[in-house]
Amino acid sequence: MSEAVEQRSIPFNYGDTVAEYAAVREGGAGLIDLSSRGRILVGGAEAVPFLNGLITNDVKALQLGEWMPAAFPNVQGKLLAVVRVLNRGEDYLIDTEAITHAKVMQLLERFALAGDFRVTDVTKETAMVSIQGGGAGAAISATLGETATTIERQRIVHTQLPNGGEVTVMRASHTAEDGFDLFSSADHAASLWNALLAAGAEPVGLEAWEILRVEAGLPRYGVDMDETTIVSETTLDDAVSFTKGCYIGQEIIARIKYRGHVAKKLAGLVFDGGVKLEVGGKIWSAEKEIGRITSFALSPVLKRTVALGYLKYDYLAAGTSVKVVSAVEELDAQVAELPFVRGSWYAN
């Protein structure tokens, strides 16, 4: 069993961050242990109406064998958690980041006694890994068979490991490269991990994944968004339905869409070459402060520093010139479209 699976967290690296990055970005397959994320089952005859009253997307429209992104907002439309909802037929699997696991459980458990609505935390009994890169499909095919590799986006399939353990597979990218997320029981986690390694996947640690994530323009809760962030200020547009019934925070989110726009929004910045930045660094235009940096990385493929940050609405157009003021210097940057790197995920 890998150290990552045993610890149920992502190590900083596996000894060579450069090679780990290259495994994903240069046509190979990188294996990321996501078992530290939270996994919660929701069932019962009233699961759909209860969930629909809590999250931004429309569970009623989610067909058997499909998944969708969603957010838990509060009454002010601010972001409490980002999740993915998988329709497994007998119940719904809620997948969320580790930092929001306990919060999502609390939000769901409030309604457990209000009707036929059952909530079960299965995080410890299950495991999750992701395989990312242009070679991810080949590794999945060698491990789980060709059927799993042909799965459409937003759909899930159930298949078997050679030793008989069941695996749920969904098409998903965390890196702008093609990818698959796999859920198994904790008992079969090591078998799945080792089978994917035997099929040519390379383990990827947190350092390389963070670079890949920023290049892909994907925000992380607790870093690029939190409870002070309005859902509409993020890049989570596909996590919101504007045709479903009422839910907590809907009035604010709908008002922003139909009556105007947010005051600020998450955007990308590119710099000339590699520069030193700091989280919270202020973004300026002329003599006006217009935003702040939330995360950044030196992109090996672009050979320049890229950053995510919040910008006032009037400065969101790609190509807009801005300045970032750090503790020691003033740096020129340009607003850029996300993702910074359009990998194999965008070639399909």
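So, counting K/R as plus one and D/E as minus one, what does the shell of residues with Cβ under 11 Å around residue 24 add up to? Counting the neighbours of residue 24, the net charge comes to -4.
Within the listed set 227, 210, 125, the Gaussian network model of the chain (springs between alpha-carbon atoms below 10 Å) gives the highest mean-square fluctuation for 125.
Checking the cross-link pairs 103/312; 60/265; 264/323; 78/103; 78/124; 78/276 against a 23 Å limit on the alpha carbon distance flags 103/312; 60/265; 78/124; 78/276 as lying beyond it. Using the Cβ-Cβ distance between residue 106 and residue 45 with R0 = 30 Å, the FRET efficiency computed as 1/(1 + (r/R0)^6) comes to roughly 0.85. Label-to-label distance for residue 16 and residue 186 is 3.3 nm, based on points extended 7 Å past Cα in the beta-carbon direction. Cα centroids of region 298-348 and region 192-254: how far apart, whole angstrom? Computed from Cα coordinates, the inter-centre distance equals 18 Å.
Considering only 198, 347, 45, the residue lying farthest towards the positive end of the dipole of the chain is 45, judged by Cα position with unit charges set on Cβ.
Rounded to the nearest Hz, the phi-derived 3J(HN,Hα) couplings of region 120-131 under the Karplus curve 6.51 cos²θ - 1.76 cosθ + 1.60 (θ = phi - 60°) are 9, 7, 10, 4, 6, 8, 10, 9, 8, 10, 10, 10, where x marks glycine and proline. Computed on the Cα trace of the chain, the radius of gyration divided by the Kirkwood hydrodynamic radius gives Rg/Rh = 0.97.
Anisotropy class assigned to region 1-148 is prolate, per the alpha carbon gyration tensor with a/c at or over the 1.5 cut-off and a/b larger than b/c. Stretching residue 255 away from residue 328 to a fully extended chain increases their span by 22.2 nm, per 0.36 nm per residue minus the current alpha-carbon distance.
The equivalent ellipsoid that matches the C-alpha gyration tensor of region 152-278 spans semi-axes of 34, 24, 12 angstrom, in descending order. For region 247-324, the Kirkwood estimate of the hydrodynamic radius, built from every pair of different alpha carbons, is 13.8 Å.
Qualifying GluC sites (Glu not before Pro) in region 148-185, where qualification requires a DSSP coil assignment and no more than 14 other C-beta atoms within 10 Å, comprise 152.
Rounded, prolate or oblate: which fits region 192-348, taking a ≥ b ≥ c as square roots of the Cα gyration tensor eigenvalues, rounded meaning a/c under 1.5, else prolate when a/b beats b/c? In terms of gyration-tensor shape, oblate.
For region 77-236, what class follows from the C-alpha gyration tensor (a ≥ b ≥ c being the square roots of its eigenvalues): rounded when a/c is under 1.5, otherwise prolate if a/b is larger than b/c, else oblate? Oblate, because a/c is 1.5 or more while a/b does not exceed b/c. Dimensions of region 295-340 along the principal axes, based on C-alpha atoms and rounded to the nearest Å, stand at 30, 28, 16, largest first.
With R₀ fixed at 51 Å, the C-beta to C-beta distance from residue 90 to residue 317 puts the FRET efficiency at about 0.60. Taking 335, 83, 75 in turn, the Gaussian network model of the chain (Cα-Cα springs below 10 Å) assigns the largest fluctuation to 75.
Taking the Cα centre of the chain as reference, the dipole from Cβ charges on Lys and Arg (+1) and Asp and Glu (-1) amounts to some 980 debye. For region 179-267, the list of chymotrypsin sites (Phe, Trp or Tyr not before Pro) that fall in a loop by DSSP and count at most 13 other C-beta atoms within 10 angstrom reads 242.
Entry note, the chain: relative contact order of 19 percent, from Cα contacts under 8 Å with a spacing of 6+ residues.
Any read-out appearing in this document is the output of simple, stated calculations on the displayed coordinates, not a laboratory observation. Please read these numbers as outputs of a predicted model, since none were measured by experiment. Cβ: placed from backbone, ideal geometry, glycine included. Neighbour counts: every protein chain shown.
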